[in-house]
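Single-structure report; data block below.
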């Protein structure tokens with residue numbers, strides 16, 4: 001969603017995100033709660049590629065939701081024995 005600039009009568013500037021089809025002409029100011037008019041602003045263009053955006057998004061997300069590690073990396077698991085019969089060890093494994 002694009003960001004839109006707003007300015008309230010007291011002079012407070014703030015940004016708000018709205019869908020392009022649903023953007024209002026005014027929005028309530030977060031400080032004084034008065035109706036703030038939408039301002040004309042420049043387009044926010046970027047020269048970043050998708051890999052850079054993925055890295056930026058992952059960095060922002062990890063600041064609030066760190067990735068959990070469930071075990072040691074590279075640790076090999078031993079096969080679980082289902083039976084104690086030594087003759088079953090000679091059978092082929094799936």
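Return a yes/no flag: does region 64-75 have any residue that is under 23 Å from residue 3 (Cβ atoms), at pLDDT below 80, within 30 Å of the chain's Cα centre (by Cα) and not in a loop (DSSP other than H, G, I, E, B).
yes
Hey, among the residues in region 1-21 that are out of contact with any strand residue (DSSP E or B) (no Cβ under 9 Å at 6 or more places or on another chain) and more than 19 Å from residue 31 (Cα to Cα), which one's modelled with the lowest pLDDT?
Among residues in region 1-21 that are out of contact with any strand residue (DSSP E or B) (no Cβ under 9 Å at 6 or more places or on another chain) and more than 19 Å from residue 31 (Cα to Cα), the one modelled with the lowest pLDDT is 20.
The values are calculated or read from the model by the stated rules, or taken from the named source; none is laboratory data. Keep in mind the model is a prediction, meaning the values are calculated, not measured. Note: ideal-geometry Cβ built from the backbone for every residue, glycine included; neighbour counts use all protein chains shown.
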